[in-house]
Amino acid sequence: LEETLGTALFERRGGRLLMTEAGRAYHRTVQDAFDRIGRESEAISRRASRQVTIASNFGFSHFWLRSRLPALEAAFPGNSFRVVSADRDDAQEMRQADVTVRFAEFARLKAGERALMTSVVRPVCSPQFAQRHELRGLDGDARRLAWLPLLHMDEHDPRWLDWEGWLTARGLPPPDARPVFIYNNYPLLIAAACAGHGIALGWDGLIDGFLCDGRLVTCGPAVEQSGYGYVVATRTAAPAFREVADWIYDARRPRPDTAGAASGG
């Protein structure tokens, strides 16, 4: 290889090989080329086998998409589906997926993205927690919530409404107490709320099933982030991927079994 390129790629030092500056630069280029070849080979293989990879945030994939997978598979009997989760937009799973659903600011949508649902956030807790703290029907007094155990995410992302933002939207000061526990993904936080560990912020569209079957109850007024919500897009304009994205977009409407769940009914 060195003869062909006409330059030294390695320094020979006492039986050891160390790359020269030219060798390191060449290695970076070759590595990037092989990475791109690998990604494109995987994409071609997926298209040939009609496999569709769907990437979305943890909460969306766990609470919204998972329950709809049987219907999605029935709608596309010739396809196979791979579902991956990532909360960061720059994560490899998001960048390489055929269909993506992410949480975004509507004013900064990328080309081809469509809004699925607006962000509407309400405090939720288990029925036992609500009864213990006399929270049922607490639609007008948000002030009391700040004094109770609040469940927090460790993700500090301005797109997501946190407890400080929710209290501010209700004209209240941020909570005085530091969180005892913080959770690194949304399904864990909702599981803690169902177990009666505290009050979580629940997103309409994600927690509907929990409200419908009574695992969670609303314990405070909702706050709407009119400029934020979930959006769906495809990595390419391939018809197979576009059809799946269209199906997800059409499925954004509430299902009959969750009608009224957003209001706690």
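The values are calculated or read from the model by the stated rules, or taken from the named source; none is laboratory data. Values in this document were obtained by computation on a predicted structure and should not be read as measured data. Positions of Cβ are backbone-derived with ideal geometry, glycine not excepted, and every protein chain shown enters the neighbour counts. To get the accessible areas, we keep the full protein, side chains included, count just its heavy atoms, and leave off ligands, DNA and RNA. Shrake-Rupley method; radii C 1.70, N 1.55, O 1.52, S 1.80 Å.
Please work out if Gly198 is in contact with an Asp or Glu (Cβ under 7 Å, 6 or more places away or on another chain) and not basic (Lys, Arg).
Answer is no for this residue.
Would you check if there is a residue in region 21-32 being acidic (Asp, Glu), over 30 Å from Arg235 (Cβ atoms) and open to solvent by less than 90 Å² (accessible area, probe 1.4 Å)?
No, every residue in region 21-32 fails to be acidic (Asp, Glu), over 30 Å from Arg235 (Cβ atoms) and open to solvent by less than 90 Å² (accessible area, probe 1.4 Å).
Which of (1) touching a His at 6+ places or on another chain (Cβ under 9 Å); (2) at pLDDT below 85 is the odd one out, the single condition Leu206 does not satisfy?
Only one criterion in (1) touching a His at 6+ places or on another chain (Cβ under 9 Å); (2) at pLDDT below 85 is unmet by Leu206, namely (2).
If I ask for residues that are of a type in the set (A, V, I, L, M) and over 30 Å from Gln92 (Cα atoms), which ones from region 6-41 would you list?
Scanning region 6-41 gives Ala8, Leu9, Leu17, Leu18.
Could you list, in sequence order, the residues of region 51-79 that are assigned to a helix (DSSP H, G or I) and either under 19 Å from Phe103 (Cβ atoms) or open to solvent by less than 30 Å² (accessible area, probe 1.4 Å) (or both)?
If the condition is that a residue be assigned to a helix (DSSP H, G or I) and either under 19 Å from Phe103 (Cβ atoms) or open to solvent by less than 30 Å² (accessible area, probe 1.4 Å) (or both), then Phe58, Gly59, Phe60, Ser61, His62, Phe63, Trp64, Leu65, Arg66, Ser67, Arg68, Leu72 are the ones that fit.
Return yes or no: is Arg82 within 29 Å of Thr100 (Cβ to Cβ) and either without any contact (Cβ under 8 Å) to a residue 12 or more places away in the chain or part of a helix (DSSP H, G or I) (or both)? Before the answer, list the steps.
Values: within 29 Å of Thr100 (Cβ to Cβ): yes; either without any contact (Cβ under 8 Å) to a residue 12 or more places away in the chain or part of a helix (DSSP H, G or I) (or both): no.
Taking the combined requirement at face value, the residue does not satisfy it.
Any residue in region 211-236 that is among the basic types (Lys, Arg) sitting within a Cβ distance under 8 Å of a residue that is in a loop (DSSP other than H, G, I, E, B) and open to solvent by 30 Å² or more (accessible area, probe 1.4 Å)? List the pairs, counting only those 6 or more apart or interchain.
Cβ pairs passing all conditions: none.
On the basis of being closer than 24 Å to Leu189 by Cβ, open to solvent by less than 40 Å² (accessible area, probe 1.4 Å) and of a type in the set (Val, Ile, Thr), does Val84 make the cut?
Against the criterion (closer than 24 Å to Leu189 by Cβ, open to solvent by less than 40 Å² (accessible area, probe 1.4 Å) and of a type in the set (Val, Ile, Thr)), Val84 qualifies.
Can Arg215 be described as assigned to a loop (DSSP other than H, G, I, E, B), charged (D, E, K, R) and either closer than 24 Å to Arg108 by Cα or modelled with pLDDT of 95 or more (or both)?
yes
Kindly provide the set of residues from region 5-50 that are within 30 Å of Val101 (Cβ to Cβ) and in a loop (DSSP other than H, G, I, E, B), ordered by number.
Arg50
On the basis of being out of contact with any strand residue (DSSP E or B) (no Cβ under 8 Å at 6 or more places or on another chain) and modelled with pLDDT under 90, does Glu164 make the cut?
Judged against the criteria, Glu164 is a match.
From Tyr230, Tyr249, grab the single residue that is of a type in the set (Ser, Thr, Tyr), surrounded by fewer than 19 Cβ atoms within 10 Å (Cβ to Cβ), modelled with pLDDT of 90 or more and within 17 Å of the chain's Cα centre (by Cα). Give the steps one after another, and end with the answer.
Numbers: Tyr230 fails: surrounded by fewer than 19 Cβ atoms within 10 Å (Cβ to Cβ).
So the residue among Tyr230, Tyr249 that is of a type in the set (Ser, Thr, Tyr), surrounded by fewer than 19 Cβ atoms within 10 Å (Cβ to Cβ), modelled with pLDDT of 90 or more and within 17 Å of the chain's Cα centre (by Cα) is Tyr249.
Return yes or no: is Pro187 outside any strand (DSSP E or B), out of contact with any Pro (no Cβ under 8 Å at 6 or more places or on another chain) and modelled with pLDDT of 90 or more?
So Pro187 fits the description; yes.
Quick check on my filter: what residues within region 64-75 are in contact with a helix residue (DSSP H, G or I) (Cβ under 7 Å, 6 or more places away or on another chain) and not aliphatic (A, V, I, L, M)?
Once the filter is applied, which keeps residues that are in contact with a helix residue (DSSP H, G or I) (Cβ under 7 Å, 6 or more places away or on another chain) and not aliphatic (A, V, I, L, M), region 64-75 yields only Ser67.
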